[in-house]
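Colleague: Below is a structure I'd like to ask you about.
Bear in mind that the values in this text are calculations on the coordinates, not laboratory data. Values in this document were obtained by computation on a predicted structure and should not be read as measured data. We place every Cβ from the backbone using ideal geometry, glycine too, and count neighbours over all the protein chains shown.
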Amino acid sequence: MENDAKQPNKVLIGIIIVVVLAAVTAGIVFFTREQDAGAPASDTANTNTPSNTSGSSNESTGSYKDGSYQANGNYQTPGGSEKVTVKVTLAKGIIESVELERDPTTREAEEYQGKFESGYKAQVVGKNIDEVRLSRVAGSSLTSGGFNQALESIKEEARA
Amino acid sequence: MIYQFEAIGTLWSIESVSVLPHDLKDKIQNRITEFDVVYSRFREDSLVAKLRQPGVYTFPNDVKKLLNFYEALYQVTDGAVTPLIGETLEHAGYDSEYSLQPKSGIATPPAWRDAMTWNDVNVEVKQPIVLDVGAAGKGYLVDIVAEVLKNHTITDFVIDASGDIYHYGQGVERVGLENPYDEGKVVGVAKLKNKSLCASSSNRRKWGDGDDWHHIVNAKTGKPVQDVVATWAVADSTMVADGLATALFFVPFHALADWDFEGVRLLASGTIEKTDNFVGELFI
């Protein structure tokens, strides 16, 4: 799609997810419990009527019932405000999945500054991302979180 | 509207003009899970996990296209690219726990015909194998998800599964080719319209003493490839773009003449090369 916006910033998404999840566990975010007509009863059936409606706060921390929760919010970027809808699915008290919907009607002004790795080659440098009109950037597959975490814990052990 | 979620260990993003309806999102998630449960070597409950025992296994219909393509890649790369690379990767530490501790004396995979044959959807395993479809599997799944969108009459969309990109419909995607050594820079731009692009690079997942292991392994030598650091391929399907981007670590452009594609390779020496038909520009 023709799109003048900068590449949806992967770091930004990661930050959004972390912020939302932190807000969920702190019980701060206003959630509406998704009502799925005809959804099969799960074996962790919630017999309590969800007390959340948009606009009311959930006072209890850490006691969200299993199911899907949706939150609408605004995320402040340096370029302005962006609407985000987050859907979080809880199963047995653990976050099973997070899905986002973003409406990038505002441009993200913040630039992502990557770190220089050792072995940086001087011959092919290329241009700064902000100098080039791009829809998105394609590098290698984003290293999965699990891989990164594993690597970090191995390095930690090695340091000890 | 951008719909984002994590699946098969990576971030996915589907851009479309309008919001995708709930039932379509569910279909997409279900189809991805269905694929993962068959093809993931990181799951104990997957169908490919069963291939660790000799026998005959019935796969879903989608296996034919994938295995046919893998067989062609195997031929043109003279065995460097093979789906039997899974055990080598596991021994190197790239296993389901990401233990990342290479064993000593890591074996190369068996020759394809020695280990596995197939007929239609039935796969016969003659010796225990660990199937890894990393070279083309994600691209194939992107194509499958694209079909789900099209069947729901979504006419304009871009799927980006972190380096596997599918454009369909209006507009032109200008895709920056990320410098693997510096995420803030792009070495070129590919212009994509109703095509797929895959990016692959060897320096993002590195482990071992002195970082001498990474995930793009030459099956003939059993060692990670050293002379090519990043590749990009553009083709009519994401499966082909993904597989060719992998193959380009092992063979030059002309070896892949059986396919209609555009390609860019960044070598460890620092030079960059492209096919004559590459639609886009390189910043050199």
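Colleague: Using only the Cα atoms, work out Rg/Rh for the stretch B:70-185, with Rh taken as the Kirkwood radius, to two decimals.
Modeller: 1.06
Colleague: Kirkwood Rh and Cα-based Rg: tell me the resulting Rg over Rh for chain B, rounded to two decimals.
Modeller: Here the Rg-to-Rh quotient is 0.95.
Colleague: At 222 nm, what helix-only mean residue ellipticity would chain B give, in deg cm²/dmol to the nearest 500, using -39500 (n - 2.57) for each DSSP H run of four or more?
Modeller: -7500 deg cm²/dmol
Colleague: Taking H placed 1.01 Å from N in the peptide plane, check which residues at least 5 places from B:I216 or on another chain put their amide H under 5 Å from its amide H.
Modeller: Those lying under 5 Å, H to H, from B:I216 are B:V225.
Colleague: Okay, moving on. If you filter the stretch B:25-124 for trypsin sites (Lys or Arg not before Pro), then keep DSSP loop positions with at most 11 other Cβ within 10 Å, what is left?
Modeller: Passing both the DSSP loop test and the Cβ count: B:K103.
Colleague: Cut-off 10 angstrom, C-alpha nodes, Gaussian network model of chain B. Which of B:L73, B:L192, B:L24 fluctuates the most?
Modeller: Sorting by GNM fluctuation, first place goes to B:L24.
Colleague: I've got another one for you. Based on a Kirkwood Rh over C-alpha pairs, give the Stokes-Einstein translational diffusion coefficient of the stretch B:115-168 at 4 °C and viscosity 1.567 mPa s in µm²/s.
Modeller: It diffuses with D of about 96 µm²/s by this estimate.
Colleague: Looking at chain B as a GNM with Cα springs under 10 Å, which of B:G134, B:G169, B:G243 has the largest mean-square fluctuation?
Modeller: B:G169
Colleague: At most 14 other Cβ atoms within 10 Å and a DSSP loop assignment: could you name the GluC sites (Glu not before Pro) in the stretch B:28-90 that fit?
Modeller: Here the GluC sites (Glu not before Pro) that fit, given the DSSP loop and packing criteria, are B:E44.
Colleague: For chain B, set up a Gaussian network in which alpha carbons nearer than 10 Å are linked by springs, and say which option among B:I216, B:I32, B:I129 fluctuates the most.
Modeller: Maximum fluctuation in the GNM of chain B, among the listed residues, is at B:I32.
Colleague: Between B:S162 and residues 5 or more places away or on another chain, which pairs have amide H atoms under 5 Å apart, with H built 1.01 Å from N, and which residues are they?
Modeller: Under 5 Å from the amide H of B:S162 lie the amide H atoms of B:S13, each far enough along the sequence or on another chain.
Colleague: Given H placed 1.01 Å from N in the peptide plane, which residues other than close sequence neighbours of B:V228 have an amide H under 5 Å from its amide H?
Modeller: Result for B:V228 returns B:A268.
Colleague: Tell me, how many Å apart are the Cα centres for the stretch B:251-274 and for the stretch B:1-58?
Modeller: 30
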